[in-house]
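The values are calculated or read from the model by the stated rules, or taken from the named source; none is laboratory data. Because the structure is predicted, anything quoted here is derived from the model rather than measured. Heads up, the Cβs are rebuilt from the backbone with ideal geometry, glycines too, and the neighbour counts pull from every protein chain shown.
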Amino acid sequence: MKTPSIHSTTVVAVVHNGEVVIGADGQATMGNTVAKSNVRKVRVLAGGKVIAGFAGSTADAFTLLERFEEKLGAYGGNLKRAAIELAKDWRTDRYLRRLEAMMIVAGKDEILVISGTGDVLEPDHQVAAIGSGSMYAQSAALALKKHAPHLTAEEMVRESLHIAADICIYTNHNLVVEKVISA
C-alpha cells in the first residue's frame, strides 16, 4: 500500500492597483488527516522582487522551487524566461516529470502559473489560484476586484483565502501573505 503524500492547500495571487501579492493557507494533509497546520507555502526570492507559492506534495514543491531559483539566476531574474525553462525541464526530465505540484510565481507586474504538463499560464484578470480550494479563492478574488476595487491586493488575497478556508476542508485560516517589492 502506498503511503499517502503530504499535500493540499490553497494559493492565490492578485495584481491590483500596482501591487502584486501571493498568499497561501498553512495546512498540509496526509490522506484525510491534517499533518501540519502552519506550513509556509509562499517564498520570497530575488531579494523580494519575485515571490512564489506552491501547492501539491511539499517535498516535490521544494524541489521545483529550488529549480526555479536556479533558472531565475541563470536568466538574470527574467521571470517569464525562468518559468518557461522550468516548465520545459519539468515536462521532459524523467525525475521532474514525476513531481506532483504546481506553482504561482510573481514579479513586479505579472503572475504566472507553472504546471508539470509544461504550461506557463498568464491568468485572465490578473488573478490566479492553485490547490484544493483554488476555485473558491479565485472566485472570491475576482468578485472583490470587480465589486470592491477600493481594497488593496493584500486585503483581496487575505479575504479570498479566508472564504476558501470556510468552504474547503483542505484549507485553513493560518495565512502567509507576501508582496512583491517594486523597485
Legend entry - E100 being in contact with a strand residue (DSSP E or B) (Cβ under 7 Å, 6 or more places away or on another chain) and either of a type outside the set (F, W, Y) or at pLDDT below 95 (or both): yes
Inset, instruction - List every residue pair whose Cβ atoms lie under 8 Å apart, where the two residues are 6 or more positions apart in sequence or sit on different chains, the first residue falls within the range 56-71 and is within 11 Å of M103 (Cα to Cα), and the second residue, located anywhere, is basic (K, R) and not in a helix (DSSP H, G or I). - result: A61/K41; L65/R43
Legend entry - So G116, is it at pLDDT below 95 and touching a Cys at 6+ places or on another chain (Cβ under 9 Å): no
Inset, instruction - Assess whether A82 counts as being modelled with pLDDT of 95 or more, out of contact with any strand residue (DSSP E or B) (no Cβ under 7 Å at 6 or more places or on another chain) and either aromatic (F, W, Y) or within 30 Å of S139 (Cβ to Cβ) (or both). - result: yes
Legend entry - Subset of the range 73-100 (residues that are of a type in the set (S, T, Y) and touching a Gly at 6+ places or on another chain (Cβ under 9 Å)): T92
Legend entry - Those residues of the range 47-70 which are surrounded by 21 or more Cβ atoms within 10 Å (Cβ to Cβ) and more than 21 Å from A137 (Cα to Cα), in sequence order: V50, L64, F68
Inset, instruction - Could you grab me the full set of residues in the range 138-151 that are out of contact with any Lys or Arg (no Cβ under 9 Å at 6 or more places or on another chain) and within 16 Å of V21 (Cα to Cα)? - result: Q138, A140, A141, L142, L144, K145, P149, H150
Inset, instruction - Give the number of residues within the range 156-177 that are in contact with a helix residue (DSSP H, G or I) (Cβ under 8 Å, 6 or more places away or on another chain) and either without any contact (Cβ under 8 Å) to a residue 60 or more places away in the chain or under 16 Å from V42 (Cα atoms) (or both). - result: 11
Legend entry - Residues of the range 130-183 that turn out to be part of a loop (DSSP other than H, G, I, E, B), farther than 23 Å from A35 by Cβ and at pLDDT 95 or above, as a count: 6
Inset, instruction - Report, by residue number, each residue of the range 69-117 that is assigned to a loop (DSSP other than H, G, I, E, B), more than 22 Å from V157 (Cβ to Cβ) and not acidic (D, E). - result: Y75, G76, G77, N78, R94, Y95, L99, G116, T117
Legend entry - Residues within the range 51-68 that are within 20 Å of E110 (Cβ to Cβ), out of contact with any Phe, Trp or Tyr (no Cβ under 9 Å at 6 or more places or on another chain) and not in a helix (DSSP H, G or I), tallied: 3
Inset, instruction - Determine the pairs where a residue that is closer than 14 Å to A61 by Cα, located within the range 79-100, has a partner that is in a helix (DSSP H, G or I) and among the basic types (K, R) with Cβ atoms under 6 Å apart, the partner being 6 or more residues away or on another chain. - result: L86/R67; L86/K71
Inset, instruction - Would you check if V21 is in contact with a strand residue (DSSP E or B) (Cβ under 9 Å, 6 or more places away or on another chain) and assigned to a strand (DSSP E or B)? - result: yes
Inset, instruction - Could you check, for the range 37-46, whether at least one of its residues is in contact with an Asp or Glu (Cβ under 9 Å, 6 or more places away or on another chain), buried (at least 18 other Cβ atoms within 10 Å of the Cβ) and of a type in the set (G, A, S)? - result: no
